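Visitor: One structure, as structure tokens, below. Some questions next.
The values are calculated or read from the model by the stated rules, or taken from the named source; none is laboratory data. Just so it is clear, the model here is predicted, and its values are computed rather than measured. Heads up, the Cβs are rebuilt from the backbone with ideal geometry, glycines too, and the neighbour counts pull from every protein chain shown.
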Amino acid sequence: MATKKTKNARAAEPLPKNAVRNCSDRPMPSGNPYKPAVATVTEVIHETAAIKTLRVVLDDPAVMAAFHYEPGQVGQLSVFGVGESTFVINSPPSQKKYLQFSVMQAGEVTAAIHRLTTGDKVGVRAPLGNFFPWRDWRGKNIFFVGGGIGIAPLRVIMLHLLERMADYGKISLLYGARSPRDMAYSYEIEGWLHNHDLDCTLCIDAPFEGWRHKVGLIPNVLLNLAPDPTNCIAVLCGPPIMIKFTLQALEKLGFLPENIVTTLEKRMKCGIGICGRCNIGGRYICIDGPVFTLKQLQALPQEL
Amino acid sequence: MSTIRILASDGLPAFLSFLSQKHQRVLVPVVKSANKRSVIFEPWRAGMPVVLEKATVPPKEAVLPQCETLLTYKKSKNQEDLGDITVSLDDTPEALSTAIFACRPCDARGFRVLDRPFLNGLFPDPYYKARRESLTVFTITCSSGCNTCFCHWVGGGPSSPEGSDVLMTKIEEALMLQAISPAGEALLKDCDLPDGRDIFPRAEAARKAAWASLAPAPDLKQAPQKIAALFGNDDFWQSQTSGCLSCGACTYLCPACYCFNITDEGDGFGVHGGRRLRSWDNCMSSLFTHEASGHNPRMLKTPRMRNRVSHKFSTYPENWGTFSCNGCGRCISNCPVSLDIRAIVLAALDNAG
């Protein structure tokens, strides 16, 4: 539960070799790590044709009240009888009423999640993984770049930082999607655009009638925006192809690899570093990640 | 000196019977003659003929069953309001206290390989832990190696005690039993076998002779770094893995492979509910890392075999300080295309890069 200040530097440094992972710096589930907490869906939000957001409440009120996580940590959401899949908890930790997951329909489990309605039971194994080292970012400017469903993990850390605006410099968001219809959190975006603490830019891939914002692929729009890399952390998430070209754009703009942070996903089963699926070399996305700096990723085998 | 007992060959059934009083099951190697003769571990019953041969399939199932229930989920409807469904979960581990009789030192060391990620990681695995803590391992030392054995390359040997509770050595028609762990000590003290200290020197001599019969082992100290450095060398991995059929025989027969899958079975309604299962998985399958989006970081067999070799000789050592290969050689002797992991490791060591 407690976060130790000294441990927070870990995520910014290359991961130690030969080290048995210490995780006293992160909230973790207790008890049997394979046993989910039973939870009830309290709200389903249709974000786009492919994305739904679920709000769930853990059935045990004591567990729900004690539930604590850091922004960027993930959970294994399960539909009993179908299976489990990993999603970031995208509601900010200050919000204690429910846990929010945004899910893009892609396979069997996500299809089952999309069939859920209010009152349905799900399983939640959370929190898992590491988190954004936001304490280390104090005093810095933060530039978020999100593509498609990649906005979900950025939502939680962005809202978390906006609650602590005094500790940070300028906070910016570049959010891109294929079309306006593919933008999740559309009901919040107006608020983001008018938030004086946030410099929010939206873009879509191709022109669309009535669209008042930028048109273009995220890396190109980013190059035009040309954020100043001085004292700035770039945080990005999106589909692999967007990550690839956005990393190139950020490097072109002068961002150092240690100041570029992303959060990864891979196929996962156990979520606790054993089952052997989500590894990049000797590191496991489920316990060493999902949050990595580009510098850390550059030190790992190139197998994303 | 640790407790030493002698077990005459005609005393074996009585000793196994003694072990089955102490454990819920005693796994022994028995011959299975289907279309191909194989030796596998099965629960001992009185009258069962036991062979003291190296098993075709290691006794890994004693701690990591091929398929096991992680939890059962039971859904029940409120008869007053059928939309109101409650879910109850049961996660009690299925763990029979087990003795393994006459596995080989490579297989016993396999348990140590599994112990590290399952017991010493961030999250101890409660199912593995329950079985491991009630496991007693009787290992029989090897008198010689076969041409696929390479236990002495990877830190083991024909009489390595690592992972064993009792080490047994065959002397003529008898077995000398030597306690290794406190659990083994307690068991041997408790049994009514005669003291065997006077034949210990003969067992020592037999063990030394077994060691001496092995060809010298290459030095694999540089293997982790060399293999890691070769990661991006596609030509190397392609040439080393071109014969692979991705059948996965190597992973299923490995005492140190532990990748698994988790799947649900049943919707949860009904008397027995549904089950969340853990089953052995196979990193040689392209579906192993196949993501719902269609993306697959290890779509081709080359990166998959690279991952397997790297895990055993580079990344597991990076995390845990020791190879996750015990040199049992089953992946070599059972490979349909005779792929030899030793050759890949040696080629990596020889590679100039």
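Visitor: Quick test for you: out of B:Val39, B:Val57, B:Val26, B:Val50, pick the one residue that is more than 14 Å from chain A (Cβ to nearest Cβ) and either of a type in the set (Asp, Glu) or in contact with an Asp or Glu (Cβ under 8 Å, 6 or more places away or on another chain) (or both). Step through it out loud before you land on a result.
Guide: Working: B:Val57 fails: either of a type in the set (Asp, Glu) or in contact with an Asp or Glu (Cβ under 8 Å, 6 or more places away or on another chain) (or both); B:Val26 fails: either of a type in the set (Asp, Glu) or in contact with an Asp or Glu (Cβ under 8 Å, 6 or more places away or on another chain) (or both); B:Val50 fails: either of a type in the set (Asp, Glu) or in contact with an Asp or Glu (Cβ under 8 Å, 6 or more places away or on another chain) (or both).
On inspection, the qualifying residue turns out to be B:Val39.
Visitor: Could you list, in sequence order, all residues of the stretch B:110-159 that are among the small types (Gly, Ala, Ser) and under 15 Å from the mean Cα position of the chain (by Cα)? Spell out the reasoning first.
Guide: Narrowing the stretch B:110-159 to residues among the small types (Gly, Ala, Ser): B:110, B:121, B:130, B:134, B:143-145, B:155-157, B:159.
Hits for the stretch B:110-159 are B:Gly110, B:Gly156.
Here's the yes/no breakdown for (1) among the charged types (D, E, K, R); (2) modelled with pLDDT of 95 or more; (3) surrounded by 14 or more Cβ atoms within 10 Å (Cβ to Cβ):
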{"site": "B:Leu177", "(1), (2), (3)": "no, yes, yes"}
{"site": "B:Ser181", "(1), (2), (3)": "no, yes, yes"}
{"site": "B:Gly184", "(1), (2), (3)": "no, yes, yes"}
{"site": "B:Leu188", "(1), (2), (3)": "no, yes, yes"}
{"site": "B:Lys208", "(1), (2), (3)": "yes, yes, no"}
{"site": "B:Ala215", "(1), (2), (3)": "no, no, no"}
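Residue-wise test of (1) over 15 Å from the mean Cα position of the chain (by Cα); (2) within 17 Å of A:Leu128 (Cα to Cα).
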| position | (1), (2) |
| --- | --- |
| A:Ala50 | yes, no |
| A:Thr53 | no, no |
| A:Asp59 | yes, no |
| A:Gly72 | no, yes |
| A:Val79 | yes, no |
| A:Pro93 | no, yes |
| A:Phe101 | no, yes |
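Visitor: Among (1) closer than 24 Å to A:Ile285 by Cβ; (2) surrounded by 19 or more Cβ atoms within 10 Å (Cβ to Cβ); (3) at pLDDT 95 or above, there is one condition A:Arg26 misses while meeting the rest; what is its number?
Guide: (3)
Let's see how each residue does on (1) crowded, with 16+ Cβ neighbours inside 10 Å; (2) part of a strand (DSSP E or B):
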position	(1), (2)
B:Leu82	no, yes
B:Ser88	no, yes
B:Ala99	yes, yes
B:Val113	yes, no
B:Phe118	yes, no
B:Gly121	yes, no
B:Tyr127	yes, no
B:Ala130	yes, no
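Visitor: Here is a check on your reading of the model: is A:Pro227 assigned by TED's automatic domain parsing to the domain that holds A:Ile142, out of contact with any helix residue (DSSP H, G or I) (no Cβ under 8 Å at 6 or more places or on another chain) and touching a residue at least 24 places away in the same chain (Cβ under 8 Å)?
Guide: Details: assigned by TED's automatic domain parsing to the domain that holds A:Ile142: yes; out of contact with any helix residue (DSSP H, G or I) (no Cβ under 8 Å at 6 or more places or on another chain): yes; touching a residue at least 24 places away in the same chain (Cβ under 8 Å): yes.
Criteria met by A:Pro227.
Visitor: Between a residue in the stretch A:178-201 that is farther than 16 Å from A:Lys52 by Cα and any residue that is among the aromatic types (Phe, Trp, Tyr) and in a loop (DSSP other than H, G, I, E, B), which pairs come within a Cβ distance under 8 Å, given they are 6 or more apart or on different chains?
Guide: Between residues of the stretch A:178-201 that are farther than 16 Å from A:Lys52 by Cα and residues that are among the aromatic types (Phe, Trp, Tyr) and in a loop (DSSP other than H, G, I, E, B), the close pairs are A:Ser179/A:Phe208.
Visitor: State which residue is nearest to the other protein chains (Cβ to nearest Cβ) when the search covers only the stretch A:77-93 and only residues that are assigned to a strand (DSSP E or B) and not aromatic (Phe, Trp, Tyr).
Guide: Here is the first cut: in the stretch A:77-93, the residues assigned to a strand (DSSP E or B) are A:77-79, A:83-88.
Narrowing further to those that are not aromatic (Phe, Trp, Tyr): A:77-79, A:83-86, A:88.
Numbers: A:Leu77: 13, A:Ser78: 8, A:Val79: 8, A:Gly83: 5, A:Glu84: 7, A:Ser85: 8, A:Thr86: 11, A:Val88: 16 Å.
That would be A:Gly83.
Visitor: I would also like to ask the following. Which helices (runs of 4 or more DSSP H) sit wholly inside the stretch B:237-353 and have at least 1 residues that are closer than 23 Å to A:Lys266 by Cβ and in contact with a Ser or Thr (Cβ under 7 Å, 6 or more places away or on another chain)? So that I can check it myself, show each step before the final result.
Guide: On the way: elements: B:249-252, B:301-310, B:316-320, B:330-333, B:341-350.
The qualifying helices (runs of 4 or more DSSP H) are B:301-310, B:316-320.
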